[in-house]
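The values are calculated or read from the model by the stated rules, or taken from the named source; none is laboratory data. In this text, all values refer to a predicted model and were calculated from it rather than measured experimentally. FYI the Cβ positions are ideal-geometry reconstructions off the backbone, even for glycines, and counts take in every protein chain you see. Side chains included, ligands, DNA and RNA excluded: accessible areas come from the protein's heavy atoms. Shrake-Rupley method; radii C 1.70, N 1.55, O 1.52, S 1.80 Å.
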Amino acid sequence: MRNILKKSSVLIAVLMVAMLFAGISCFAYEQEAIPTEAEASVSEITDNEAVETQEIQIYESKSSEDKSLGKNLAMGIGSGFVIALIVCICIYFSYKKHGATEPYKYDENAKLTLIDSSDVLVNTHIEKRKIEKDNND
Amino acid sequence: MSTVAYKCINCGGPLEFNPAKQMFSCEYCRSDFTEKELKDHFGELDEELNDEANKVDETQAEDNEFGFGGVLFSCPNCGAEIVTDETTAATECVYCHSPVVLSGRLAGNMKPNLVIPFGFTEKDAKEKFYAMCKKKWFLPRDFVSDAHIDKMKGVYYPYWLVDSDKAGSCNATGKKYRTWRSGDYEYKETKTYSISRMGNIAFHKFPQSALSKEDHQMMKFVNPYDNEALTDFSMSYLSGFQAEKRDTERADVQEQVDKELLEYSKKIFKDTMSQYDSVTLDNIHMNTVQEDWKYALFPVWLMTYTYKDKQKIFAINGQTGKTYGELPCSLGKLALFGAGLFVVLSAIIFGLGYCL
């Protein structure tokens, strides 16, 4: 039973890493392959300009959609993997140090008597930044 | 050195402190006695032991001649010889299992000022442990069973309790942020404040381990205790439990106490600056105005468990039931959970990115 558990956890870890690489590869492929294909297709068009322009527009919008899909997939898999890994590490160490919480309730057992307090504004800084509009909008 | 076995006033059987009843019970005739009744009966004995205080050091020096760090005592019940550590103050006879209090160890300046008696029994401690285990999803399935628990014992651990009045001041830099949009522009305003605070902080019953040999992390994190339950020390509370005496003086832990209280002072001053989005403490100066140190014994249920051939110690606060220790984590369950979380998170992030 112990061996089965060990093997299954190793298998799951390998699968997770494989999926992560799949996501990264997908992202890399979308970044490199699609624009090259699109350029090649445009250069072959010679006859009916109106139809071709329309075709190019349809193709470009489709390839842009594919590119965005691949990017989202890679982002989803990458972020999911990193967050899941962090959560698992936190859980593991919380078991190793179970109960390591604040040993002294200072808010109940310590009393502060303020004699003097001052808050002086020393500087105000305003940063202005132009909002970049998303190309898809 | 003196040893005491508290015996039933009615039948002479061994008396133990019963946390469930908060009385002293005899297992043989089922009699229960209050602390006052016991004090009236054994009071003279306690006083005699206090008078012996000056003799203790000399006797202990002789006892330590064994050379292996252990000390030999005679069981007052059966006469058998008991070997203990140098800091053990209460134990049980390995032959007749009678509770034995090594009263000479807690006499004179080694006598604790205060004690928190055990609040629940060994059975309750086990139930609390199992209840805690039920909430832990990633414990191995076969872990929660009596078979893994090797030993469970109630131990009184020594602590210094410090009442400290501090006076001081601190300087900090606080920042407030505000963001707004106007037309095609986004504005971010940062206001920087110079903050200063001056005041007195009264720390009440700050605990510090008074035993150098024990696991400091365990003794630290089994806290906090409810100080309302502190009562004047009586030797009889130790009957039926193991107890350790302190092996540190105030000077040995003063530096550590000052360091920890300074950290708490920072937190307390910072709490008065909650109106700021970010605070950086520039400097803090604290002086001790007055300090009062008390020596107290706190109850801990100590559990030893063996899992996968590894022996671990787990501590349960004998008053509040707070648990501290290392728990085994099932890597199989964790991997399954991680995989599930990975799939769900990936789907959510992908879905959000696709839709927005």
Practice problem: Please specify each residue of region B:247-282 satisfying the condition of being part of a strand (DSSP E or B) and open to solvent by less than 60 Å² (accessible area, probe 1.4 Å). | Solution: B:Ser278, B:Val279, B:Leu281
Exercise. Any residue in region A:76-88 that's touching a residue at least 12 places away in the same chain (Cβ under 8 Å) and at the interface with chain B (Cβ under 7 Å from one of its Cβ atoms): show its pairings with residues that are part of a helix (DSSP H, G or I) and open to solvent by 70 Å² or more (accessible area, probe 1.4 Å) at Cβ separation under 7 Å, as long as the two are six or more apart or on different chains.
Key: A:Ile77/A:Met19
Practice problem: Give the residues of region B:115-166 that are of a type in the set (Phe, Trp, Tyr) and open to solvent by less than 60 Å² (accessible area, probe 1.4 Å), sorted by residue number. | Solution: B:Phe118, B:Phe120, B:Phe129, B:Tyr130, B:Phe138, B:Phe143, B:Tyr156, B:Tyr157, B:Tyr159, B:Trp160
Quiz item: Is it true that some residue in region B:231-252 is within 14 Å of chain A (Cβ to nearest Cβ) and aromatic (Phe, Trp, Tyr)?
Solution: no
Quiz item: Among the residues of region B:178-216, which ones are among the small types (Gly, Ala, Ser) and at pLDDT below 90?
Solution: B:Ser182, B:Gly183, B:Ser212
Quiz item: How about region B:167-199: which of its residues are closer than 16 Å to B:Ile284 by Cα and open to solvent by less than 60 Å² (accessible area, probe 1.4 Å)?
Solution: B:Ala167, B:Gly168, B:Ser169, B:Cys170, B:Ala172, B:Thr173, B:Gly174, B:Ser194, B:Ile195, B:Ser196, B:Arg197, B:Gly199
Quiz item: Which of the residues belonging to region B:307-327 are surrounded by 18 or more Cβ atoms within 10 Å (Cβ to Cβ) and at the interface with chain A (Cβ under 7 Å from one of its Cβ atoms)?
Solution: B:Lys322, B:Thr323, B:Tyr324, B:Gly325, B:Leu327
Self-check item: Pairs with Cβ under 9 Å, 6+ apart, first in region B:338-352 and under 16 Å from A:Gly70 (Cβ atoms), second open to solvent by 40 Å² or more (accessible area, probe 1.4 Å) and at pLDDT 90 or above
Solution: B:Ile349/A:Ile83
Quiz item: Taking B:Lys259, is it within 11 Å of chain A (Cβ to nearest Cβ) and either out of contact with any Leu (no Cβ under 8 Å at 6 or more places or on another chain) or free of Cβ contacts under 8 Å to residues at least 12 places away in the same chain (or both)?
Solution: no
Quiz item: Here is a list of conditions, (1) touching a strand residue (DSSP E or B) at 6+ places or on another chain (Cβ under 6 Å); (2) open to solvent by less than 40 Å² (accessible area, probe 1.4 Å); (3) not hydrophobic (A, V, I, L, M, F, W, C), and B:Ser236 meets all of them except one; can you say which number that is?
Solution: (1)
Practice problem: Give me a count of the residues in region B:154-172 that are out of contact with any His (no Cβ under 7 Å at 6 or more places or on another chain) and either under 16 Å from B:Ile268 (Cα atoms) or charged (D, E, K, R) (or both). | Solution: 7
Quiz item: Does region B:160-183 contain at least one residue that is more than 11 Å from every other protein chain (Cβ to nearest Cβ) and touching a Lys or Arg at 6+ places or on another chain (Cβ under 8 Å)?
Solution: yes
Quiz prompt | Residue identified as of a type outside the set (S, T, N, Q), within 12 Å of chain A (Cβ to nearest Cβ) and not in a strand (DSSP E or B) among B:Met218, B:Met198 | solution = B:Met218
